[in-house]
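First comes the structure, then the notes that go with it.
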Amino acid sequence: SLTRDNIMLTVNSVPKLELEDQIPLGLRVGSDGNYEISLISAKGFESIEKVYLQDHLLDKTHNLSSGSYSFYTEAGDITNRFVINCSTLGIDDNTIKDQDVYVFAYNQRLTIINETNLRGKTKVLNIFGQEVYSFKLYGNSNQSYTLNVPTGIYIVYTVLENGKAVTTKVLIK
């Protein structure tokens, strides 16, 4: 839609979020400079526990639920830099309330957010239970890996040094 002054408007809506869903975030930037992305309200999304923003250009993942994300960009259309991932509450085979590890997949990129900064091990299994990748967690707050696997649903099994285990289902495209 356009206003009377030919300013483009958009209306964005998202159906019920599933853990496999990623929401690409496109921006049109008028001039070079520093910008900020923040979560103002999650009205209608009461099942959302945490909202993460992935910055593919800088290879960073930020928890928008705990604060805004600042970045520099040049003027123009930004279409593939940012993706939003949500962690939902509820009884689900993917969700553990108060979990220490969150896992997201976007395209062939797997991101592991380790909020406790504990060391551990992560295994990626296909639907037949075969291990296709394994990684060590080095105590960083987040780590990302490129997976060269066919499109499909995978199980990510993470065990931290404190003995806590988290299993997450992800869709790799």
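Just so it is clear, none of the values below were taken in a lab; they were calculated from the coordinates. Keep in mind it's a predicted model, so treat the numbers as computed, not measured. Please note: Cβ atoms are built from the backbone with ideal geometry, for glycine as well, and neighbour counts cover all protein chains shown.
Some points to look at:
- Radius of gyration, Dmax [the range 22-172; alpha carbons; angstrom]: 16.1, 50
- Dipole magnitude of the range 22-172, debye to nearest 20 (Cβ charges: Lys/Arg +1, Asp/Glu -1, about Cα centre): 320
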